[in-house]
Amino acid sequence: MLCHDSTIHNLSWGFIIGGFLYLLHQVNNHTPYGRYVDLQHPGVMVPAKAAWLIQELPSFLVPVLLMLTTESSTDLGRYILLWTFILHYFQRTFIYALLTKGRPCPLYIVVSAVVFCSVNGFLQGHYMLHCARYEAAWYTDVRFILGLFLFFSGMAINIHSDHILRNLRKPGEITYKIPKGGMFELVSGANFFGEIMEWCGYAVAAWSLPAFAFAFFTVCSIGPRAYDHHRYYLEKFEDYPKSRKAVIPFIL
């Protein structure tokens, strides 16, 4: 398959512009997820486990299908990068989704996420398989090494932070508690920080417009969620650690 360069370029800029607009939208509006879900919402609600599995699946399935239908190549670099992308979504689809104890999610949010993940799965998969070219020297380039280090460090932080959140409350408890341990000692949105770190690392390692566009969209979409969580904790708990930042340790 030939590289659809114009499609990749347009989709990437669509993500960048869409991310910026979504950031502006979230300044005054809460996306209905987690504690912001109205359980009395008149629309169709999808159970949390099913919602996460359905909405994350395209980001795993689309690049895998593209890989299976693409002739093998000696360019190992792009396969390493694409497999890091697939690894994240394997964990989110088949592990996180089955472990989550979250609230049901409105159907329209799930559908929107499915569309986004399908497009992004194609964008990252098609670019890596049909457009990207990495020379052998790229494996020793500081950007490749640093990017992968950031990606896997962020993934570890994200998984560990999700583990802490899942075990905050005992069975039957409904009250919110202050998360402690790991990166939560530094930021309120440790799980969000981990994911942002992942995709920024991926963008550095890939050094491409599509990877940057996705990292930018991630920052714009989940950065405000971390800030909302931080503000909620400060308002709800008088003893909440004032030294914690919202999403970036020691800074923001």
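Below, the figures for the structure above:
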quantity	calculated
Nonlocal amide H pairs with Arg103, under 5 Å, H built at 1.01 Å	Gly34
Order by protection proxy (mean Cβ within 10 Å, highest first), peptides 231-241, 202-212, 143-153	202-212, 143-153, 231-241
Where only C-alpha atoms are counted, convex hull volume of the chain per residue in Å³	129
From phi via Karplus (6.51, -1.76, 1.60), per-residue ³J(HN,Hα) for segment 134-141 in Hz, x at Gly/Pro	10, 6, 4, 5, 5, 5, 9, 6
Accessible-area order (highest first, 1.4 angstrom probe) of the listed residues Ile86, Ile54	Ile54, Ile86
Efficiency of FRET from Cβ geometry, Leu68 and Tyr240, R₀ 51 Å, rounded to 0.05	0.60
Three-way shape label, segment 79-178, alpha-carbon gyration tensor, a/c 1.5	oblate
Cysteines in the chain that, by Cβ-Cβ distance, have no pairing candidate under 4.7 Å	Cys105, Cys117, Cys200, Cys220
Cα long-axis angle, helix 48-68 against the chain (0 to 90 degrees, to the nearest 10)	10
Estimated inter-spin distance, Tyr176 and Ser112, nm [label 7 Å along Cα→Cβ]	2.0
Karplus (6.51, -1.76, 1.60) ³J(HN,Hα), θ = phi - 60°, over segment 103-117, in Hz, Gly and Pro reported as x	7, x, 10, x, 4, 5, 5, 4, 4, 4, 5, 4, 5, 4, 5
Approximate spin-label separation Ile248-Lys49, in nm, with each point projected 7 Å along Cα-to-Cβ	3.9
Estimated [θ] at 222 nm from DSSP helical runs (n ≥ 4, -39500 (n - 2.57)) normalised by residues in the chain, nearest 500	-20500 deg cm²/dmol
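The values are calculated or read from the model by the stated rules, or taken from the named source; none is laboratory data. The model shown is predicted, which means the values in this text are computed figures rather than measured ones. When we count neighbours, we look across all protein chains shown, and the Cβ atoms used for this are built from the backbone with ideal geometry, even at glycine. All accessible areas refer to the heavy atoms of the entire protein, side chains included, with ligands and DNA or RNA removed. Shrake-Rupley method; radii C 1.70, N 1.55, O 1.52, S 1.80 Å.
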